[in-house]
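Student: One structure coming up, written as structure tokens, with questions to follow.
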Amino acid sequence: MSTSTSVAVRYRGVSVALETHRHRHPSVRFGTPLGGQVEDVSVDATATSPRLYDGAEHEALRDVTWSSRAALDGAAEIVHDALHRARDGLWPLHPDDAREDDPFDVATCVYFGAAGVTLALDWLAHELDTPRPSSIPEHLDRLRATHASNPSWEPSPASWLLGRAGVAAVLHVVDGAPLEPVLEHAATAIDNATHDPLTGAGHALTGLVALHARVPDARIVDLVRAGVDRELAALATDPAGTRMWHVDLYGTDAWLTGAGHGAAGSLQSMLQGAHLLDDDTAATARTLARDLVVRTALRDGDLANWAPASDSTEGRIPVQWCHGAPGVLLALADAARGDDGTTDLLRAGGELTWRAGPLRKGSTICHGTARSALALLRLFELTQDELWLERARLLAMHALDQVRRRRAEVGHGRYSLITGDLGVATCLVQCERVRPGVVGLDLL
């Protein structure tokens with residue numbers, strides 16, 4: 001146990017507990033959903049933080065059982081709710097995503113906006129071989145019109161998940177809109193010098209790799225190769241000697257490790273897009289990823305986790321996508337193929353994810369239980385050990401239970417992909433069909 005200062009931060013209606021101490025970057029907003037402005041800060045100087053995770057951030061697994069029928073019915077329930085709650089072709093922001101003084105009562109991005117919902121509806125219909133919702137053209141028309149006046153979130157206007165690149169990709173995939181805007185906005189995101197995957201190159205490159213699987217256009221390959229070369233040229237070395245990126249996270253520099261804001265998210269595209277790269281570049285990416293997993297892991301018996309920053313092992317260590325084991329599993333599993341040491345560490349990360357349990361914060365892919373389910377699904381793909389598939393499916397059913405509980409509390413669902421109910425619907429179907437990945441990022 002290490003003593004730290006607990007800082008409760010409220011960001012866009014989401015309360016996030018952070019820890020600061022003398023050897024850490026106290027202004028880095030680890031765990032904030034999107035970064036940016038923070039409000040309602042309170043401090044509890046008596047809090048303590050366990051070594052690998054904080055059990056207070058998790059809840060016990062419900063008495064749930066898995067069945068394909070129940071999972072698919074749950075996904076259909078979420079889709080039905082979303083279709084019947086659309087307002088003029090779009091969806092209002094959920095209280096968990098919005099502030100009372102927010103100038104926009106709708107959002108358009110993939111992360112928590114209409115582009116993500118529309119993509120999820122289309123993806124689910126395709127995956128389940130069911131008719132595409134008849135309202136999709138209306139959603140697309142309203143998405144185009146609204147995005148023109150509410151295009152993105154600063155500081156990431158071209159971001160894949162938060163900005164123009166992702167919206168353009170959805171319009172291309174779902175409606176056959178021109179590819180050129182996708183390439184233009186993705187190139188702008190890749191040129192972002194922060195090395196934060198969420199706002200810059202990492203997720204844009206991962207999205208392009210996924211897009212190429214559907215649209216094998218040579219221009220995508222050229223952009224991916226150029227972007228990877230640019231990222232590799234910017235590599236630096238942390239104080240412990242690990243080759244990674246010094247991330248500028250909303251104005252604060254840190255050696256971040258995770259899939260949301262750190263090196264794991266930057267390496268994901270290089271691993272999943274290895275077939276688009278030359279052999280030497282692909283081998284370099286695998287070496288960097290294995291080195292990151294091994295050198296930055298915090299191991300305790302059969303458990304492992306990864307701290308947000310490689311140069312600090314004190315304070316809060318999340319079990320989420322942005323920072324922690326689930327994100328590392330999702331982003332870097334491909335690096336472990338054929339490498340027993342890396343695979344063993346990822347298994348330990350999976351064990352920690354399972355033992356920590358569902359997140360109290362909610363059901364979502366963003367910072368919730370669905371992301372843990374998807375992480376264990378990825379581990380099943382890597383190891384072919386049925387235990388991980390069974391556990392992933394139970395976590396997915398718990399996430400569905402969380403959706404229902406929160407819907408009952410608020411009176412309606414949370415209509416978004418990465419932060420909301422549609423991400424749980426895709427997770428349920430992915431666990432039923434054994435389709436690892438994250439819809440909107442590496443699945444399109």
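The values are calculated or read from the model by the stated rules, or taken from the named source; none is laboratory data. Just so you know, these numbers come straight off a predicted model, no measurement behind them. Backbone-built Cβ (ideal geometry, glycine too); neighbour counts: all protein chains shown. With ligands, DNA and RNA removed, areas are computed over all heavy atoms of the protein, side chains included. Shrake-Rupley method; radii C 1.70, N 1.55, O 1.52, S 1.80 Å.
Student: State, as an integer percentage, the relative contact order of the chain based on alpha-carbon contacts under 8 Å between residues 6 or more apart.
Tutor: Dividing the mean separation by the residue count of the chain yields 19 percent.
Student: Relative to the compact-globule scaling 2.2 N^0.38 Å, provide the ratio for the alpha-carbon radius of gyration of the range 272-385.
Tutor: 1.04
Student: What net charge do the residues around residue 80 carry, taking every other residue with its C-beta under 14 Å from that of residue 80, with Lys and Arg at +1 and Asp and Glu at -1?
Tutor: -1
Student: If every alpha-carbon in the chain counts as one equal scatterer, what log10 I(q)/I(0) does Debye give at q = 0.07 1/Å?
Tutor: Per q value, in the given order, log10 I(q)/I(0) is -0.29.
Student: Taking 0.36 nm per intervening residue step and subtracting the Cα-Cα distance, what contour gain separates residue 222 from residue 355 on full extension?
Tutor: My answer for the length gained is 43.6 nm.
Student: Can you give the accessible area of residue 144 in Å² (nearest 10), computed on protein heavy atoms with a 1.4 Å probe?
Tutor: 90
Student: From the phi of every residue in the range 187-196, what ³J(HN,Hα) in whole Hz does the Karplus formula 6.51 cos²θ - 1.76 cosθ + 1.60 yield, where θ is phi - 60° and glycine or proline is x?
Tutor: 4, 5, 4, 5, 6, 4, 8, 6, 6, 8
Student: Apply the Karplus curve 6.51 cos²θ - 1.76 cosθ + 1.60, θ = phi - 60°, to the phi angles in the range 345-352 and return the couplings in whole Hz, x for Gly and Pro.
Tutor: Here the 3J(HN,Hα) series is 5, 5, 4, 5, x, x, 4, 5 Hz.
Student: Continuing with this model, one more query. Considering only 271, 358, 211, whose Cα is most displaced toward the positive end of the charge dipole of the chain, charges sitting on Cβ of Lys, Arg (+1) and Asp, Glu (-1)?
Tutor: 358
Student: Rounded to a whole number, what is D in µm²/s for the range 385-444 from Stokes-Einstein with the Kirkwood radius over alpha-carbon pairs (37 °C, 0.692 mPa s)?
Tutor: 270
Student: How long are the three semi-axes of the equivalent ellipsoid for the range 246-331, computed from the Cα gyration tensor as the root of 5 times each eigenvalue, in whole Å, largest first?
Tutor: Whole-Å semi-axes of the equivalent ellipsoid: 22, 15, 11.
Student: Given the options 425, 375, 282, which has the most mean-square fluctuation in a GNM of the chain, springs set between C-alpha atoms less than 10 angstrom apart?
Tutor: 282
Student: On to the next question. Gap in Å between the Cα centre of the range 376-444 and the Cα centre of the range 185-263?
Tutor: After rounding, the separation between the Cα centres reads 25 Å.
Student: Just the number, please: carbon plus sulfur as a percent of the accessible area of the chain, 1.4 Å probe, no ligands or DNA/RNA counted.
Tutor: Roughly 48 percent, rounded to a whole number.
Student: Tell me the per residue accessible area of the chain using a 1.4 Å probe; a whole number in Å² is fine.
Tutor: Ligands and nucleic acids excluded, the result is 36 Å² per residue.
Student: Using heavy-atom solvent-accessible surface (probe 1.4 Å) with all chains present, what is the largest-first order of 215, 438?
Tutor: 215, 438
Student: Let me ask something else. With the alpha-carbon atoms as the only input, what is the per residue convex hull volume for the range 161-287 in Å³?
Tutor: Per residue, the Cα convex hull of the range 161-287 comes to 90 Å³.
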